[in-house]
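Single-structure report; data block below.
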């Protein structure tokens, strides 16, 4: 009986592969908070740590302070709503995927700032030039239609896929041609940049977008996202932070964390770990013949599993049922992170293998 | 050559069948404005004409002042945005068809009041129970998703179709069950009620909705819509009118017009005329074998025509190319109104018949 | 007994001197609506009457289409909220008098578009350079304070006073220096321009402001205001009209009215009449020694009257008690308009004289 | 020479008495974050620490889960804007002091959610029944005026004063009578409750308000405020958090901190320390005859000082010049906190004493 071999205790809590924010912060980050705790700092983002973090991020991008301003906010929803509210006029609209985080996971945050979302279907989790152009064309009946002005996309996407430089360039060219700004949600930008599929540098992303943000919350910080804003859009940006409650009095809390993430490659190391864990799980599923519902390009695995296996796995692991296909099958989402314990991943895979083997035995 | 026979003058202006608001107001309405012009009235909707209009509308609905409040606003967009803003909390969303007026013809007016639109495909221009239920079910991931709270629909629909009592009852039952309010946009409610397809009274509509409005602009008034609000939603409603610039100082201007429309059946007579004109055009197309793209249930005709006929018609008439099917065919929208001249309709039909006959002759 | 001599009938309705929108429209305007009624026009403000009205207004201003765009909206609140929403970024604030229409008579319409009002005391109903500068200086603690970006003022003011060219120039210079836009609410601009106190042309006002609007509602139209927007602020303006429900399908209704007002000086003739009526009332009060609470520069009279006279006047006339000073005195507001009947004004004055005389007799 | 005796090093950095958020968090809080870091938790506020913190706070209030819901947000501006947006309809307004944080330190955050602020002068930093009633009375011209619906006040006030139970009860009674909700901003509630002037329990505050929040940021946390919402206002509240970007994925970060603050009295101990430090400074000033500009009831000292003393103090300490009285005097604000070093306070006082003594010597 497999359950005994993997978990002796009756009471063992299921291990979470639900998301990439179940744990706190990487210990190095907490230690930095402790180490810097007693220094007195200027408030509201003017502290030395925030400034150092800005400098480190600019170095990674390979841009100067004349090219970009950087702002730290506590959450991804803050990053999105502030970025959009800051650069759109009231009648301007956002083009987004139907699966876009702003379209279905932020409780109407963008609309609450007054802006319409124009929703487009995803292909492999991504925006395509065809759909983008169609959305632009179908929203030109002025002034009866809100005017498309910004393309919002996420990299990595909501299903964990990654934009190639070629893909992003195509979209950016359409945007430029149609006077659209391009905003990249980088809640999982670390895992995108560390994907084997990725062929972009941070400088490429900076060049091809108008605003992008680098997620800290899902990358090992307690919280915090760094918004990189091209200089010509940066004027007055900090007012928006303040107005939306995202300008923390102790801005140091975000600054210190981003210093740790970027001063010696921790950000990338943690993202690589997350991706590696996902690939291990993904590879195991593939080797056993379970079909993936999306390519595993970053730290998310979408796989079609039989109901019985799902239920067995749920005894020891927590994860989302993404889509109930029918009574017998479901698409399951498994998310790994900087904190994912490889021992647990190995147990997970063993569990899958054992169940599959026992099943095959029974069928024979 | 047909053109000579129908229009001798080189310079004759094309007759508009573009929309139902190309002319001013029915003369009886303008005369009433003149007649009442010099009396002194209380401002901001408290005048005797507005009160009389409210009373007349309540009589047509067969409801009392304890059941409904009635508010007059200058435009349909005002009616929609005020109705929605007045009864939703900031995190609540509206379910609408993708072709809904608020979704694609009001420049983001609803989002500008802070509310998300959840967009659903139309079937025969209408909301169906299946899509409504799906939209409700797919937006239950609280608090990450805005909460569905109001169903918006138009009767007649954007393609001129009409809800039956059975259809509206099904939708209303789903709404009630899911705690959704139901708002009916009645920009063309007159034509809907006068449709041969219609089986509802104003009382039915009042009973099955929470707010509905009766369009005056497209029904022979200079401007103005009457919003009928169930008593429990009416508290504070007038503040919304004021806040959105829709509470006219000379409210009498709207009141007088609605008195004229409702004191002796003018509203229904004008709508019937519009429908009759559309049926004549529609019947002509059908008799000649041109396929309709939508049933002609009210005052809009959607028909698939060959490009050559379209171009010929454009010499004498103005109308929308609704959809370019390919190089050879287009869906054309023809709209009639209270003001449509039957002589022009007959000319239009003759023109279609002549072109078709000459075409057949050529083909033989 | 004075009451018998002035009004034989027991049941005569009090004549309203409450406001300048108690009657309908000047008959010439209604006749123009009738005359133009049956022509077919392009909708949403593209009609020939709106274009002609734009041309006429530009001629009065003495400016070209390259300098200014003109938009018609149904109400003053629409004009204010659209003008402000169209040119401010979300964190920018408006400086206004505490008595400003947007501050206390529009149900929070400006705040509903997201913008803060910075409120300053009025001096003679007007903004002063001192208070303006103080408001700017006290709101510089960025980014904690919303950034002052627009000065809103009304001409004529809420108490009927008028800005001189010197006064407006001083304010405009401060605005320019502090990068503030200047918006003039012209709900009663006609009476201001026709005031004996006025020394500005429409061109002066155009030069010294960024946006101003010309009120039609209080100047003899059924409704409607013409917003004059400097070219560099006009881009996208029409979207705001649409989004706020102020872009009427039958834009002709507003266009026709402004053509009548401006094609032959009707606008100015009506304003002059209103001012003249106010001066007659004002002069009567002064001659009898009743102190004015504000100079009568346009069509509003503010006068301090004994309670007993107030009550006597209320038997035959309607007007606002502006401020209850104590048990024995009150400030009363009397408003005249284009429609004010000089016979009634004479009766009003006679009534005041008779009461005063009888009072003096009694005291002797 | 005093400078040598107090600071040997040429390069010593001035010690900040600018505000109560210059340092990080109390070490016990950081240690708790470290200790709990690796446990896996449910996201978005459903974690066990947040639940434990809610339970602890309810115990301090002495209320049950049926009476109040508690929500954690990252900043005070978030707490205010979410509380207000969640319980007001669009046309409802907030009454606040002119010095209220929402009125002048939050970049128009409340207006950005659509609501008007009605501003009232402060007396001793506080709202008075007289001004409150006047504000209510002067804003009753419906529907032209936004409707007063909520009283916002801060305890401790912006000038560090404290409401007594009698004062708050009077205001609460007026609110109840006028159907106003009462929201207490508790950014510095800890210092208020620990003031010698205070005579309220948390239960009193809970009973007298509808929503109040307990500030963590200024009380020793890295960030975070706990909003206590009466049950009947709590429905849907969490949507507002999400919509405004204040629902942190790792809600644990806030939960853990509030557990530490409330599990054994740390919250009150830290506030008491801050108050004690302020009293020491205040007492020193008073003993030397410098007039206080406000009573020192909590952790803020407002004192009128000669310019020369101000400049001397600035060599070693940082603080705000609150108001420049003239060339010779200024009101200075000194803020102490949980982190204020008593050694520095003693140095500060010594410095003041030495300068004063040397001055007196010179004068003799």
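Filter region C:111-125 down to the residues that are in contact with a helix residue (DSSP H, G or I) (Cβ under 9 Å, 6 or more places away or on another chain) and more than 24 Å from residue B:238 (Cβ to Cβ), then identify the one that is farthest from the other protein chains (Cβ to nearest Cβ). Break it down into steps so the answer makes sense when it comes.
Looking only at region C:111-125, we keep the residues that are in contact with a helix residue (DSSP H, G or I) (Cβ under 9 Å, 6 or more places away or on another chain), and these are C:111-123.
When the remaining residues are screened for being more than 24 Å from residue B:238 (Cβ to Cβ), the result is C:116, C:118-123.
Working: C:116: 4, C:118: 9, C:119: 7, C:120: 11, C:121: 12, C:122: 15, C:123: 19 Å.
Among residues in region C:111-125 that are in contact with a helix residue (DSSP H, G or I) (Cβ under 9 Å, 6 or more places away or on another chain) and more than 24 Å from residue B:238 (Cβ to Cβ), the one farthest from the other protein chains (Cβ to nearest Cβ) is C:123.
Going by what's in this entry, would residue A:162 be described as in contact (Cβ under 8 Å) with a residue 12 or more places away in the chain and within 14 Å of chain B (Cβ to nearest Cβ)? Taking the combined requirement at face value, the residue does not satisfy it.
Could we say that residue C:316 is out of contact with any strand residue (DSSP E or B) (no Cβ under 9 Å at 6 or more places or on another chain) and at pLDDT 95 or above here? Steps first, answer last, please.
Working: out of contact with any strand residue (DSSP E or B) (no Cβ under 9 Å at 6 or more places or on another chain): no; at pLDDT 95 or above: yes.
Against the criterion (out of contact with any strand residue (DSSP E or B) (no Cβ under 9 Å at 6 or more places or on another chain) and at pLDDT 95 or above), residue C:316 does not qualify.
Here the helices (runs of 4 or more DSSP H) wholly within region A:1-110 that include at least 3 residues being within 13 Å of chain D (Cβ to nearest Cβ) and crowded, with 18+ Cβ neighbours inside 10 Å are A:27-36, A:76-87, A:101-104.
Among the residues of region B:96-104, none qualifies, meaning not one is touching a residue at least 40 places away in the same chain (Cβ under 8 Å) and under 19 Å from residue B:248 (Cβ atoms). Taken over region D:162-187, the criterion of being crowded, with 21+ Cβ neighbours inside 10 Å, out of contact with any strand residue (DSSP E or B) (no Cβ under 6 Å at 6 or more places or on another chain) and in a loop (DSSP other than H, G, I, E, B) is satisfied by D:162, D:163. The condition (being touching a helix residue (DSSP H, G or I) at 6+ places or on another chain (Cβ under 8 Å) and either more than 14 Å from chain D (Cβ to nearest Cβ) or touching a residue at least 40 places away in the same chain (Cβ under 8 Å) (or both)) is satisfied by just one residue among C:195, C:157: C:195. Against the numbered list (1) surrounded by fewer than 14 Cβ atoms within 10 Å (Cβ to Cβ); (2) more than 25 Å from residue A:195 (Cα to Cα), residue A:289 comes up short only at (2). Exactly one residue out of B:68, B:85, B:103, B:107 is modelled with pLDDT of 95 or more and under 26 Å from residue B:267 (Cβ atoms): that is B:68.
Every test in (1) in contact with a helix residue (DSSP H, G or I) (Cβ under 7 Å, 6 or more places away or on another chain); (2) free of Cβ contacts under 8 Å to residues at least 60 places away in the same chain is passed by residue C:72 save one, and that test is (2). The criterion of being touching a strand residue (DSSP E or B) at 6+ places or on another chain (Cβ under 6 Å), within 14 Å of chain A (Cβ to nearest Cβ) and in contact (Cβ under 8 Å) with a residue 60 or more places away in the chain holds for residue D:215.
Give me a count of the residues in region D:230-250 that are surrounded by fewer than 24 Cβ atoms within 10 Å (Cβ to Cβ) and either more than 10 Å from chain A (Cβ to nearest Cβ) or not in a helix (DSSP H, G or I) (or both). Qualifying residue count for the region: 9. Does residue C:189 satisfy being within 30 Å of residue A:245 (Cα to Cα) and either at pLDDT 95 or above or not assigned by TED's automatic domain parsing to the domain that holds residue C:60 (or both)? The answer is no for residue C:189.
Restricting attention to region B:132-154, and to residues there that are under 22 Å from the mean Cα position of the chain (by Cα) and under 15 Å from residue B:180 (Cα atoms), which single residue is nearest to the other protein chains (Cβ to nearest Cβ)?
B:150
The values are calculated or read from the model by the stated rules, or taken from the named source; none is laboratory data. Predicted model only: the values in this text are computed from it and were never measured. Here the Cβ is made from the backbone with ideal geometry for all residues, glycine too, and neighbour counts use every protein chain on show.
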